[in-house]
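A.B. asks: My questions all concern the structure below.
The values are calculated or read from the model by the stated rules, or taken from the named source; none is laboratory data. Note that this is a predicted model, so its numbers are computed, not measured. Quick reminder, even Gly has a Cβ in these numbers, built from the backbone with ideal geometry, and neighbours come from all protein chains shown. We work out accessible area using only protein heavy atoms, side chains counted, and drop any ligands, DNA or RNA first. Shrake-Rupley method; radii C 1.70, N 1.55, O 1.52, S 1.80 Å.
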Amino acid sequence: MPGRVLNLDTLVRLRRGQPAPVTPRRLPVPDGMTAPMGCDAVAVPARLGPLVMPRLPRVGCVYADRAHWWWLVPSDSDHALEWPAPARYATGALVPDAPDLPGLIHRPDGTLPYTPPIPLYLALCRLTGTTPTWSRPVSA
């Protein structure tokens, strides 16, 4: 392979027919928008995406590919929350397993890219039949 330097790990994977690991990619904040509170993301399977949208009072930037829909939320929106399965919380808005970045399918008016995390959390709990963590009974 002229012009390419391959390390031993890559050569072993190529020989075994294994794909190279995908480097996580960050969902971008669109031009003209700012993320003063940092940026994380919440992903749900694509089949749930259209069911979540009408349940939200405000929808920020939403990205999608065939497998997932991703909502940008402020950093640390997982603090004291257990996001319900099959949702995945992505610190830093890093998409871990996509060879290409998902496309932007919704951009809000204004300059903030965020979907409010609490309404998103509650909508996902409702759709998945999960009791929100703060309403679970406390054992004595």
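A.B. asks: What's the local net charge at Pro99, with K and R +1, D and E -1, over the other residues with C-beta under 12 Å away?
C.D. replies: -1
A.B. asks: Please calculate how many Å² of accessible area segment 42-94 carries per residue, with a 1.4 Å probe and no DNA, RNA or ligand atoms counted.
C.D. replies: That works out to 46 Å² per residue.
A.B. asks: Still on this model: Kindly rank 102-110, 34-42 from highest to lowest mean number of other beta carbons found within 10 Å of each residue.
C.D. replies: Highest mean packing first, the order is 34-42, 102-110.
A.B. asks: What is the spin-label model distance, in nm, from His106 to Thr130 if the labels are put 7 Å beyond Cα along the C-beta direction?
C.D. replies: For His106 paired with Thr130, the spin-label model returns 1.8 nm.
A.B. asks: Same structure, new question: Per residue, how much space in cubic angstrom lies within the convex hull of the C-alpha atoms of segment 40-81?
C.D. replies: About 77 Å³ per residue, rounded to a whole number.
A.B. asks: Separate question: Which trypsin sites (Lys or Arg not before Pro) does segment 51-102 hold that lie in a coil by DSSP with at most 14 other beta carbons within 10 Å?
C.D. replies: Those that pass, being in a loop and sparsely packed, are Arg58, Arg66.
A.B. asks: A further question on this structure: What is segment 41-134 by shape, rounded, prolate or oblate, if you read a ≥ b ≥ c off the alpha carbon gyration tensor as root eigenvalues and call it rounded for a/c under 1.5, prolate for a/b larger than b/c, and oblate otherwise?
C.D. replies: rounded
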